[in-house]
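One structure below.
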Amino acid sequence: MARFAVTAIATAVTLTLSGFAPNVLASDDARIAELEKRMEALEMELIEARDAAKKQDRVKFSKHSPAPELVSRDGKSTLEFKARIQADYVDVDELYTGKKTETYEPSHKETGIRRLRLGLEGQFSRLWEYEIELDLAGNEVDLKDANVTWEGWDNQKLTLGYQKYAFGLQATQSSAHQIMMERASTDVFSPDRALGAQWRYAGNNWALSLGLGMEYSTLEEEDWDKDELEFVEEVSYPETDFYTARITWAPYRDNNNLLHLGASYMNLEINDDVGELRYRARPATRPTGRMVDTGKFDSEGAQHYGVEALYQYRNLLLQSEYVAAKADAMEDPDVEVDAYYLTASWVITGEQWRYSRKKGAMKSPRPAKSVSEGGWGAWELAVRYDKANFIDDNLKYGGDMTDWVIGLNWYLEDNLKAQLNYVYAEGDYDRAFEDKDGVDQTDQDTSVIQARLQFNF
């Protein structure tokens, strides 16, 4: 629009000048004054045209995302669409699940949508951010994020509302940027999304997060009005309160090397109306039940401690976490369980995982030459060893689970990824269970082949 205005103005100037032939000039001074006046007017029109072009609402596109970003005239407000679609195929061997390992699950195959996230995010009044996200997988609507963030302080953010809390490396990292299809068993100890507040500070090579969250449940009172035959009251109350802290440090970072260290803590306080706690884990796949399960036990709270380390040299990445939980079992002795994993990743085509110092987390590699550009995208080979120890002398149920996961990832585009995982899992139990043939067992093993196609922006 501005270019058109400039062209029109230049044409007008040319026509104006051409009208001043020497044979029609009655007075040179008068004509020159008139010409200068017209030139000033045209110059003002040009400035106004440029300003008008700058103040128009704009639509921006990034080469890394198909989603448009809408920008207001004054540049203070933005709106951007985001989505994450994960379509899975899973082939699971037979296994036994449940706290007593009493549920027999035969071999089966499944296809389905693991995640279907749709959301909006952006900025308003220049110093505020907002985020709204829903998950529509499983024909249900599940709220994931609904919050606002204040950015008026240097290197700091304060987020208020329903949100995800920083705890550990893989749990803090988005599900769109995981090496394997499913997180390791340390994720069991991470807090769920909840309503609350979280403050974050990002230094040159370190970051700190402090959070306070409250998980709410609905207590359905069996309270009916006998005359009106209608439900009287439904009460929402805090099920748990928790406090979180996570600190990360990248003491060594250059184009070829990255060393990341971190520690996390969570204090969990359980409402007296609940008074129960439970730890359980699946064998690195979603469609099955839990292979190890402590069952519910009386508890008034717990403390979770985690440490993490990551080293990346060019296209080779090593990552590990350890998380321990100490649960206050009221009148009984404390319950202690833990889990850890080791992951190694090699991006065969040479790309690197990207590091965010503000979040202390990684993002998937971007292919040097995507399929749409005539290349082969980026290819990655990975392996993970995962151990969950849910056995304690003060627990009636529980067990140990060991997972080996081999993964192959193909990054076709910046936002399109295909994954293939093979999982081999073993379970060991202090308490014997009866298999489908009526034989007592104290261990089991199973295997899973699963694949995923993911599109996100």
Which members of the range 89-143 meet the condition of being among the hydroxyl-bearing types (Ser, Thr, Tyr) and surrounded by fewer than 17 Cβ atoms within 10 Å (Cβ to Cβ)? 89, 103, 104, 107, 111, 125
Any chance the range 195-212 includes a residue that's crowded, with 16+ Cβ neighbours inside 10 Å, farther than 25 Å from residue 249 by Cβ and under 14 Å from the mean Cα position of the chain (by Cα)? no
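Provide a single number: the residues in the range 259-286 that are more than 21 Å from the chain's Cα centre (by Cα) and either surrounded by 23 or more Cβ atoms within 10 Å (Cβ to Cβ) or outside any loop (DSSP other than H, G, I, E, B) (or both). Can you show your working first?
Step one: list which residues in the range 259-286 are more than 21 Å from the chain's Cα centre (by Cα), which gives 259, 267-280, 283.
The next check asks that each one be either surrounded by 23 or more Cβ atoms within 10 Å (Cβ to Cβ) or outside any loop (DSSP other than H, G, I, E, B) (or both); those that pass are 259, 267-270, 276-277, 279-280, 283.
Summing the residues that are more than 21 Å from the chain's Cα centre (by Cα) and either surrounded by 23 or more Cβ atoms within 10 Å (Cβ to Cβ) or outside any loop (DSSP other than H, G, I, E, B) (or both) in the range 259-286 gives 10.
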Please verify whether residue 425 is over 23 Å from the mean Cα position of the chain (by Cα), under 30 Å from residue 298 (Cβ atoms), among the small types (Gly, Ala, Ser) and modelled with pLDDT of 95 or more, treating the condition exactly as stated. yes
Within the range 325-340, can one find any residue that is touching a residue at least 40 places away in the same chain (Cβ under 8 Å), surrounded by fewer than 22 Cβ atoms within 10 Å (Cβ to Cβ), among the acidic types (Asp, Glu) and outside any strand (DSSP E or B)? yes
What tally of residues in the range 287-308 results from selecting those that are closer than 19 Å to residue 178 by Cα and surrounded by fewer than 16 Cβ atoms within 10 Å (Cβ to Cβ)? 0
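Regarding residue 313, is this residue touching a strand residue (DSSP E or B) at 6+ places or on another chain (Cβ under 8 Å) and open to solvent by 30 Å² or more (accessible area, probe 1.4 Å)? Let's see the steps before the verdict.
Numbers: touching a strand residue (DSSP E or B) at 6+ places or on another chain (Cβ under 8 Å): yes; open to solvent by 30 Å² or more (accessible area, probe 1.4 Å): yes.
Taking the combined requirement at face value, the residue satisfies it.
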Could you grab me the full set of residues in the range 352-379 that are surrounded by fewer than 20 Cβ atoms within 10 Å (Cβ to Cβ), in contact with a Lys or Arg (Cβ under 9 Å, 6 or more places away or on another chain) and in contact (Cβ under 8 Å) with a residue 12 or more places away in the chain? 352, 354, 355, 357, 358, 359, 363, 366, 376
β-branched (Val, Ile, Thr), in contact with a helix residue (DSSP H, G or I) (Cβ under 7 Å, 6 or more places away or on another chain) and within 28 Å of residue 240 (Cα to Cα): does that describe residue 335? no
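Test residue 290 against the stated conditions and say whether it is in a loop (DSSP other than H, G, I, E, B), among the charged types (D, E, K, R) and closer than 24 Å to residue 393 by Cβ. Talk me through it step by step, then tell me what you get.
Details: in a loop (DSSP other than H, G, I, E, B): yes; among the charged types (D, E, K, R): yes; closer than 24 Å to residue 393 by Cβ: yes.
It is true that residue 290 is in a loop (DSSP other than H, G, I, E, B), among the charged types (D, E, K, R) and closer than 24 Å to residue 393 by Cβ.
The values are calculated or read from the model by the stated rules, or taken from the named source; none is laboratory data. Note that this is a predicted model, so its numbers are computed, not measured. Positions of Cβ are generated from backbone atoms using ideal geometry, with glycine treated the same way; all protein chains shown enter the neighbour counts. Surface areas here come from the heavy atoms of the whole protein model, side chains and all, with no ligands, DNA or RNA. Shrake-Rupley method; radii C 1.70, N 1.55, O 1.52, S 1.80 Å.
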